[in-house]
Amino acid sequence: GCVLVVSVIEQLAQWHNSTVKAAVERLCNYIPGKYQTVGHMLCCIDREMNADVVCHSLKLCKQDPGQPLCHLYPPPKREKHSSGLLHALAHAGQKCQIIFAHSSHICYFGCFCPKSFTGFSSLCAFPLLANLCEKMKYVIRNKLPFEDFDGDKFSTFPTLRGYHWRGRDCDDKNNTVYPGRRPDNWDVKSDSNCNGIWGVDPKDGIPYEEKFCKGKPLQSIQETMCADSRGVVLLGDSAGAHFHIPPEWMTVMQMSAKSFANLPTAFTDELDWPQFSEITGFLNSTIGGWTDSLYLRLRRRNRCNHRDLQNISQNGMFHLDNGMFNQGLARNQLLDNPAVVIYATIGNDVCNGYRDTLSYMTTPKEMLSNVVKALQYLDSHLPNGSHVILTGLVDGRFLWDNLHDRYHPLGQLNKDITYSQLYSFLDCLQVSPCSGWLTPNETLRNLTSERASQLSNVLKDIASTEKFANFDVFYMDFPLKQTAEEWHKMGGEPWQLIEPVDGFHPSQIAAALGTSITWQKALHEWPQVLGKENPFNEQIEAIFKDQGGH
């Protein structure tokens, strides 16, 4: 955190040819007001010292006994080795004079320098942010909307696990009204499933929901089941949640107040952007690329599917478990429509930040147990006629191969930080998102991909051998190779398919292209998953155009 903040401040001072104090004030002016944390700036920042030296001098960064000295930047020119860096730190400590800048603010992501240099205090210690932090803890712990007045797991509020993550509630005072349910008495008097279709056609007295959405009844379900209406549910990790840190937050050549306008939304969505994601995206992307999603395509195929989406993903999960389903999944087996469930933890079972990373990877035996238990839970909760798609793990060697010698956004100004350096820094701190793939060790990268392939084969075997009462199971490889080929045909470069700040997650472009590939596979191999195209779509849009917005 300190290295990031100091790097940005030093580069702002360099880019605008200003003092460090002016750069701090400039940065604070960029940040939305309530996200500024005000306090004494007890930081000694010297443009001649890089961020590693500054942060270690202030003891905001430290070297634990027996551990290597972690640094992002190369050692100072005259200090080629880590011992030389230690000498530079000692020299800097003597040189550094702590400046009490009472009128200044240091406000970047709540970073501040306390009077005691023992590390960063909790962001939640600030009175203005304490309430927000409590809300964040609740939604991260429960994977449920914080603003949900009727307790049906749907919300009218966008963030804090609200309708950016699952369909927007249309009556948050009635827990029998929510997206994805079968219509109550064909929604003659009101819209019980929030798809915007309700009332009676005055020409023939038939309810619009019955006329447009009934479909053919399923044999094992009551006559009122909308046979071709279906929702989409994603059970995933940070890639499914669509983790993204805007590069303009740390690229000073692009930085302005406009760059941080989306900070409140990003923070209260856990730095995830599910509203633009590959499976549940529904808004036009504001983070580059374009939005295409399985939900949008199912909605175009059948307008009755409007708002029937759930993104139950979480940053940093190693594998999905039943506890996550218990808390987050909103599907009533008796009252709701079937769902297409995407089960996609594309890397977390092999990705961790431990030095002995192979020892902490999920084994094939553990994978089999975890997934079968999860599917058994789904079988007891999903309506009959649902479908589950198991997505294989990605081959993450793509990351190092296409990024390691490129400059990270923090290194764009001075051409001094490559992704290789970033990966090594994070690995040294033992906070790497994936020590097995984000490493110069080719053997380790290959072993990680080998384990990922073994786990994908477990998923493939499950799809071909396990049978369940309420859904069928399909398997598909993660379409990275096809995505890269398609993007190449469009004139793109492979590195553009990776998030630029973390150098790890799929980018917005990759998400949109992945949707198209997944849809085509389903269309040709599993058409039953997608349901039939609704012949009344144009009529529905014409009649309910004022009620159909998200």
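Could you grab me the full set of residues in the range 450-468 that are within 13 Å of Thr362 (Cα to Cα), in contact with a helix residue (DSSP H, G or I) (Cβ under 7 Å, 6 or more places away or on another chain) and surrounded by fewer than 18 Cβ atoms within 10 Å (Cβ to Cβ)?
Gln454
Identify the residue in the range 19-43 that is surrounded by 15 or more Cβ atoms within 10 Å (Cβ to Cβ) and among the polar types (S, T, N, Q) and, among all such residues, is modelled with the lowest pLDDT.
Step by step, filter the range 19-43, then rank; the result is Thr37.
I'm told Leu444 meets every condition in (1) within 24 Å of Asp395 (Cβ to Cβ); (2) free of Cβ contacts under 8 Å to residues at least 24 places away in the same chain; (3) over 25 Å from the mean Cα position of the chain (by Cα) except one. Can you identify the failing condition by its number?
(2) is the only condition that Leu444 fails.
Output the qualifying pairs, or none if there are none: Cβ atoms under 8 angstrom, residues six or more apart or on different chains, first residue in the range 22-44 and farther than 23 Å from Glu248 by Cβ and in a loop (DSSP other than H, G, I, E, B), second residue modelled with pLDDT of 90 or more and among the hydrophobic types (A, V, I, L, M, F, W, C).
Qualifying pairs under 8 Å: Cys43/Val6.
Give the residues of the range 162-175 that are assigned to a loop (DSSP other than H, G, I, E, B) and in contact (Cβ under 8 Å) with a residue 24 or more places away in the chain, sorted by residue number. Steps first, please.
Keep residues of the range 162-175 that are assigned to a loop (DSSP other than H, G, I, E, B), which gives 162-165, 167-175.
Those that are assigned to a loop (DSSP other than H, G, I, E, B) and in contact (Cβ under 8 Å) with a residue 24 or more places away in the chain: Tyr163, His164, Trp165, Gly167, Arg168, Asp169, Cys170, Asp172, Lys173, Asn174, Asn175.
Going by what's in this entry, would Ile245 be described as surrounded by 24 or more Cβ atoms within 10 Å (Cβ to Cβ) and either at negative phi or free of Cβ contacts under 8 Å to residues at least 12 places away in the same chain (or both)?
No: the conditions fail for Ile245.
For the list (1) outside any loop (DSSP other than H, G, I, E, B); (2) buried (at least 16 other Cβ atoms within 10 Å of the Cβ), I need the number of the one condition that Ala542 fails.
Looking at each condition in turn, Ala542 falls short on (2).
Please name all residue pairs, on different chains or six or more residues apart, with Cβ atoms under 7 Å, provided the first residue is in the range 288-313 and is over 23 Å from Gln496 (Cβ atoms) and the second residue is assigned to a helix (DSSP H, G or I) and basic (Lys, Arg).
Asn305/Arg299; His306/Arg299
Just to verify a result, which residue in the range 448-491, among those that are part of a loop (DSSP other than H, G, I, E, B) and under 23 Å from the mean Cα position of the chain (by Cα), is farthest from Leu403 (Cα to Cα)? Show your work before the answer.
As a first pass, look at the range 448-491 and keep what is part of a loop (DSSP other than H, G, I, E, B): 466-470, 477-479, 490-491.
Narrowing the set further to residues that are under 23 Å from the mean Cα position of the chain (by Cα) leaves 477-479.
Numbers: Asp477: 23, Phe478: 20, Pro479: 19 Å.
Applying the filter and picking the extreme gives Asp477.
If you take the residues of the range 180-210 that are open to solvent by 50 Å² or more (accessible area, probe 1.4 Å) and charged (D, E, K, R), which of them is nearest to the chain's Cα centre (by Cα)?
Among residues in the range 180-210 that are open to solvent by 50 Å² or more (accessible area, probe 1.4 Å) and charged (D, E, K, R), the one nearest to the chain's Cα centre (by Cα) is Asp184.
Considering only residues that are open to solvent by 20 Å² or more (accessible area, probe 1.4 Å) and under 23 Å from Leu334 (Cβ atoms), which ones fall in the range 374-413?
Gln376, Tyr377, Asp379, Ser380, His381, Asn384, Gly385
So that you can scan it fast, the table gives a plain yes or no per residue for (1) open to solvent by 80 Å² or more (accessible area, probe 1.4 Å); (2) under 24 Å from Glu270 (Cβ atoms); (3) in a helix (DSSP H, G or I); (4) at pLDDT 95 or above:
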residue	(1), (2), (3), (4)
His105	no, no, no, no
Ser116	no, no, no, no
Tyr138	no, yes, yes, no
Asp148	no, yes, no, yes
Val177	no, no, no, yes
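Between Val431, Val458, Val473, which is aliphatic (A, V, I, L, M), within 30 Å of Met49 (Cα to Cα) and assigned by the TED database to the domain that holds Ile346? It would help to see each step written out before you state the result.
Values: Val458 fails: within 30 Å of Met49 (Cα to Cα); Val473 fails: within 30 Å of Met49 (Cα to Cα).
Of Val431, Val458, Val473, the one residue that is aliphatic (A, V, I, L, M), within 30 Å of Met49 (Cα to Cα) and assigned by the TED database to the domain that holds Ile346 is Val431.
Residues in the range 524-539 that are in a helix (DSSP H, G or I) and open to solvent by 20 Å² or more (accessible area, probe 1.4 Å): how many?
7
The values are calculated or read from the model by the stated rules, or taken from the named source; none is laboratory data. Remember, predicted model here, so these are calculated numbers, not experimental data. Cβ: placed from backbone, ideal geometry, glycine included. Neighbour counts: every protein chain shown. Side chains included, ligands, DNA and RNA excluded: accessible areas come from the protein's heavy atoms. Shrake-Rupley method; radii C 1.70, N 1.55, O 1.52, S 1.80 Å.
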